[in-house]
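The values are calculated or read from the model by the stated rules, or taken from the named source; none is laboratory data. Nothing here was measured: the structure is a model prediction, and the numbers come from that model. As a convention, Cβ positions derive from the backbone with ideal geometry for all residues, glycine included, and neighbour counts pool all protein chains shown.
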Amino acid sequence: MDNALKYDILKSCCFSRARTGLMRLPHYTVETPIFMPVGTKGSVKSLLPEQLEKINCQIILGNTYHLGIRPGIELLKKSNGLHNFIGWNRAILTDSGGFQMVSLLKLAEIDEHGVNFQSPEDGSKCMLTPEKSIEIQNAIGADIIMQLDDVVPATLNDSNRMEEATYRTTRWLDRCIKTHKYPEKQNLFPIVQGGLDENLRKISTNLHLERKVNGYAIGGLSGGEAKDYFWKMVAISTNILPFNKPRYVMGIGFPVDLVICCALGADMFDCVFPTRTARFGCALISSGQINLKNNKYEFDFDPIDKNCSCSTCKTYSRAYLYQIVTVETVACNLLSVHNLTYLMELMKNIRNSIKINKFPDFVKEFMENMYPDKFYPQWCIDSLESVNIKL
Ligand SMILES: [Zn+2]
């Protein structure tokens, strides 16, 4: 277990809980805080692995549920794991498949044994158990793998169900730990649950602390809950979790959320947002995002962002992108390159500002760009104030 992950924190912010470090994984050493693009079925939509490397992407995320169906365990084993199969030499993290059960499948039935659902491919009944999830993830061979958790939408107002899911998640964690075949080369992360209940979040975090693991995830958030709950749930866990282990907040990808979660002491994030919004013609910029389908870009010969160093901004105008977005498949690639570059740069700037002890200044400047009129959302003011950053 000890060799599969080594986490060195290089510098902590003197004001907030932000920190920057190096996470040494079997396939790559990842700089934290880090954003992980999502490659659902092994490929980040519309991007080549070499393009991802070029924009300094260090770790990508794959979906166990999808990869377990296609290409499936046998083929993954025969190709010596996903890294080999897709031609990606850097780090990979796989989720457990639990979230897809809940998000994709209305017919999912959950009991102590696992999740029973109808396959969207052929309608047949499938069972995903903690053991099955780990078996698939062992075949995939990702650097970091996730426990199967009992995911309940945070917005579900059912305290009994939430409590059941919280304790069951820890029971499933123990089954995952027991099944895991390669702890020397794959890191199994537990997932903190507990919905929007402060007490359950504390219980879940503390229960998972008792297990021998190399890092922790905070799950069940970013599902449409009020932001005021969201940041408090993240803060509760980052407060309790050990300082010297990486903390991963699942499903986070909006720039403001990333900056605030870093301030609260989180290190890793993933989301489909940058590549999904690219498919709808949206490009991320320092003041938010622009939609290139908008008529006002028809004769606009500037790049998406004059300060962006990505290959799209160096070569193509908004006017050209206006003509091809959502029509030509290449537009999806061009916008995804830009959007992911934006997030990679954002994370790099966060890391650098922590290194030189200027993280609070960075946050203020970032927020001013995002909200030029300075009407900051209350949850941003409150969450940052909780870690000594005054907007
Ligand atoms: Zn760009």
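Within the range 279-333, count every residue that is hydroxyl-bearing (S, T, Y) and within 13 Å of the ligand (Cβ to nearest atom). So the answer is 7. Looking at the range 201-286, the helices (runs of 4 or more DSSP H) lying wholly inside it that each contain 3 or more residues that are within 26 Å of K390 (Cβ to Cβ) sit at 227-240, 255-263. Looking across the range 265-275, the residues that are more than 16 Å from the ligand (Cβ to nearest atom) and either among the β-branched types (V, I, T) or touching a residue at least 40 places away in the same chain (Cβ under 8 Å) (or both) come down to G265, A266, D267, M268, F269, D270, C271, V272.
Matching residues to (1) at pLDDT 95 or above; (2) under 19 Å from G215 (Cα atoms); (3) not basic (K, R):
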position	(1), (2), (3)
I9	yes, yes, yes
C14	yes, no, yes
E31	yes, yes, yes
I34	yes, yes, yes
L52	yes, no, yes
H66	no, no, yes
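Scanning the range 19-37 for residues that are of a type in the set (A, V, I, L, M) and surrounded by fewer than 21 Cβ atoms within 10 Å (Cβ to Cβ) yields one hit, L22.
Of the residues that make up the range 369-384, is at least one within 15 Å of the ligand (Cβ to nearest atom) and within 23 Å of P37 (Cβ to Cβ)? No.
Would you point out which residue out of C308, C332 is part of a loop (DSSP other than H, G, I, E, B), in contact (Cβ under 8 Å) with a residue 24 or more places away in the chain, surrounded by 19 or more Cβ atoms within 10 Å (Cβ to Cβ) and not assigned by TED's automatic domain parsing to the domain that holds L47?
Of C308, C332, the one residue that is part of a loop (DSSP other than H, G, I, E, B), in contact (Cβ under 8 Å) with a residue 24 or more places away in the chain, surrounded by 19 or more Cβ atoms within 10 Å (Cβ to Cβ) and not assigned by TED's automatic domain parsing to the domain that holds L47 is C308.
For the range 214-225, a residue qualifies if it is of a type in the set (A, V, I, L, M, F, W, C) and modelled with pLDDT under 95, and exactly one does: L221.
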